[in-house]
Amino acid sequence: MHCVILRSPFLRTDRKSRILLSSHYSTTCMNKSKDGGGGGGAGAGNVHDHMLPVSDDLFRHCTIPKTVSVIGAPMTYGQPFVGTDAGPTLIREAGLLTKLTALGWRVEDLPDLDFERMKTTSSEKEGGIQSSSAKNSLIVGPGTQKLADIVEHSMKEGRFPLILGGDHSIGIGSLAGILRARPDTGIIWVDAHADLNTPAISESGNL
């Protein structure tokens, strides 16, 4: 077992990285390597979601044992409402990590990105130009850059990045990081809106 420590100054220090192991992998991975079969329990290969194709190629870019990197992105500055920054904490408290391990995944739970610190840092810098038609662009820009860096690193290490938001602007960093690591990735965007505006044509300025 190993843990990647990301030494970014913009990771929250009140939460440390941790690794959760699925007990399923302690037997199943070895069994698969010996006889090609799976083991018992609620692991990959035993729990079949009929909404998804059952195929060994589904997560072919992940190393074995398959590891999901949970990345908290409590961004709230890309829109005017409060509460979106509570998303990562609430999703974890609802049992996300336990559910992932029950499905056979090894979980790397990373500290949340510290967007509050980025806000302070960006306000101290000189020379930046705040867009009049994109909310808090001097904060959202660096924030999504840091998110993109972590997502890219996760994918290049063979992990599956699971990003917990956070407002819509985290899509910028999420997709940028994924496409850096794997430029041929296809995107399926499911939303009530297309979210394809630019600052020049956006009526709200939301990111």
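Data for the structure
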{"quantity": "Under 13 Å, Cβ to Cβ, from Thr76 - net charge with Lys/Arg +1 and Asp/Glu -1", "calculated": "-3"}
{"quantity": "Loop-resident sites, the range 97-190, for GluC sites (Glu not before Pro), counting at most 13 other Cβ within 10 Å (DSSP)", "calculated": "Glu126"}
{"quantity": "With DNA, RNA and ligands ignored, accessible area of Phe81 (1.4 Å probe; Å², nearest 10)", "calculated": "140"}
{"quantity": "Per residue accessible area of the range 85-207, 1.4 Å probe, in Å²", "calculated": "56"}
{"quantity": "Heavy atoms of His168 accessible to a 1.4 Å probe, total area in Å² rounded to 10", "calculated": "110"}
{"quantity": "Sequence-distant residues sharing a close amide H with Met75 (under 5 Å, placed H)", "calculated": "Gly166, Asp167"}
{"quantity": "Cα gyration tensor shape for the range 117-207, rounded if a/c is under 1.5, else prolate or oblate", "calculated": "oblate"}
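The values are calculated or read from the model by the stated rules, or taken from the named source; none is laboratory data. This structure is a prediction, so every number in the text was calculated from the model and none was measured. All Cβ positions, glycine included, derive from the backbone under ideal geometry; neighbour counts span all protein chains shown. Heads up: the accessible areas ignore ligands, DNA and RNA and are worked out on the full protein's heavy atoms, side chains in. Shrake-Rupley method; radii C 1.70, N 1.55, O 1.52, S 1.80 Å.
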